[in-house]
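Here the structure is laid out as structure tokens; the discussion comes afterwards.
Bear in mind that the values in this text are calculations on the coordinates, not laboratory data. It should be emphasised that the depicted structure is a prediction, and the values quoted were computed from it without experimental measurement. Every residue, glycine as well, gets a Cβ built from its backbone with ideal geometry; the counts of neighbours run over all protein chains shown.
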Amino acid sequence: MITPIQNSLYNYPPLQYKKQPQSTNNAACKKVLNLNNLPFYKNQISFGQSDDEKIRKYMKKIRLKHTRHGVTYKNIDLYNTKKLEGIQKDIDVFKGLSMEQIKFIAKHSTEFVLQRGCHNMCAHCYAKAMPPSYQKMPDKINKIDFEDFEKLYYGFKELNKKLGFSIFKSAKNDYNTLFHDADSSTIFLQDKNGKVYDYLDLSKMVHELTDKTVLFDTAGWNIQDKKTQKRMEELVKKAASSDEYDFMEFNISTNPFHALNYRALQHLKNGDYEKYDKFRDIYTTRMANVLFTFTPLIEKEQVNLLARALPNETRHAKGYREDDLLKLYSEVFIKLLKLYKQDYESGAHKVIKDEEQINKNLDYLNKKLKKVDKSMGINGRLADIVTDKKIVAYKATKERTYANPHKAVKAFTDGLIDINGKLYVMNWYETYPTDIQLNYKNKDKITAPIHPSLNEQKITSDMLEDLDNRK
Ligand code: SF4
């Protein structure tokens with residue numbers, strides 16, 4: 001017997017979505033992709049011709065010192081980067097960069113950006129994503145060249161080999177993404193021979209370097225977009241059929257700020273109920289299809305829901321508050337239930353093989369709606385929606401301002417490597433450009449502006465001096 005789920009949706013306490021991934025997957029991925037099983041990690045240090053005997057001796061000294069005290073030496077933080085200078089020589093992607101700069105990249109490597117731009121136009125998008133077509137000009141790029149991604153991959157792989165450990169171990173964040181302002185469902189790369197690398201292939205390469213969970217975030221795709229639908233079905237099948245991708249976490253975002261729901265709510269405001277119903281239906285049908293497509297991964301418990309809304313007490317924001325979000329989810333879940341029933345009762349069994357699965361999956365999704373994240377910064381498109389002065393003032397006090405790059409260089413733990421190799425550091429409210437850039441083939445290309453709140457001042461490499469106290 002299939003039980004209706006809509007009433008239970010309203011009973012959940014507020015959800016605090018944590019971007020930081022859960023440790024359960026980490027444990028699984030360590031089992032599957034233990035770096036110590038990889039050939040280049042086994043022999044802890046293997047220097048090439050260009051490496052210096054002095055570096056080798058220095059590393060051995062530090063290693064012995066820390067091992068004596070029971071401390072693992074597999075972390076760049078235990079070494080004085082000046083004494084490692086030269087180890088990166090001959091690795092093309094690091095041309096012109098010091099070890100201090102490379103370490104700074106590794107520490108802030110939350111996002112290995114492969115593509116820029118997004119069609120979803122969510123009002124709450126902290127990255128203020130614009131459609132990628134805005135950047136189609138000769139000197140601009142909106143996708144990384146596969147050769148550059150390979151350069152990054154092989155460059156860091158070689159450096160890790162020379163160090164004897166992953167330089168990314170020192171990064172504070174415990175997950176990576178392949179995007180900053182793009183939807184994961186649109187991300188894939190092609191090499192010069194036409195070979196396609198899907199999101200899983202590319203994530204695996206990043207995971208091999210960092211040993212961290214890799215996130216896949218989607219706010220869905222147009223139900224008529226057959227290419228994306230096929231790509232997602234293949235990706236889900238691949239991820240669900242082996243434990244090779246257990247290091248991945250799949251996040252699905254149904255939110256009232258999506259452009260389609262935003263349009264629906266604008267029509268509602270103007271009293272045009274017919275158009276409200278039309279856009280609301282398009283959006284909820286789309287999200288039910290996304291959940292249906294990801295069902296094999298829901299069953300593997302690898303799917304999370306990104307549930308974001310404004311606090312219920314926000315005035316003049318009808319449609320965007322926590323209770324509105326739960327109503328939106330209930331409409332999506334009702335449509336998902338219908339899809340499940342159709343799949344089972346028609347005998348198609350595309351994702352539902354037995355009836356029990358239906359309630360199990362819906363229960364799982366309901367549990368994922370435990371809390372709603374209300375911590376969004378109010379800037380960009382969201383500032384047009386939120387006019388409640390009290391809320392704006394409250395949020396402003398939470399958004400700490402780092403007007404001084406000397407402070408930000410110490411405080412900001414996250415960052416992104418753009419598709420032209422430039423490094424930016426951020427705290428999710430503010431961003432600083434740096435003078436650090438990987439030696440990409442496309443290093444001179446222009447990319448879309450970076451958000452949130454890009455400071456005019458730069459973090460420069462001389463500011464990194466104070467960060468390394470080891471002598
Ligand atoms: S899907 Fe993500 S990147 Fe795209 S607009 Fe929405 S929040 Fe921004």
Subject >> Proxy reagent accessibility, fewest Cβ within 10 Å first, across W428, W221 >> reply: W428, W221
**OP:** Let me know the number of lysine pairs in region 271-351 closer than 27 Å at the Cα, not counting same-chain pairs under 8 apart.
**Re:** 22
Original post:
Using the C-alpha gyration tensor of region 336-380, what are the square roots of 5 times its eigenvalues, in whole angstrom, with the largest one first?
Top reply: 33, 13, 6
**OP:** Distance between Cα centroids, region 192-217 to region 401-471: provide it in whole Å.
**Re:** 23 Å
Subject >> Calculated log₁₀ intensity ratio I(q)/I(0) where the Debye formula runs over C-alpha points of region 126-192, q = 0.20, 0.22, 0.26 Å⁻¹ >> reply: -1.04, -1.13, -1.24
**OP:** Report the dimensions of region 218-314 along its three principal axes from the alpha-carbon atoms, largest first, rounded to Å.
**Re:** 50, 34, 16
Original post:
When the scattering of region 98-237 is computed by the Debye formula from its Cα atoms alone, each counted once and equally, what is log10 I(q)/I(0) at q = 0.09 Å⁻¹?
Top reply: -0.30
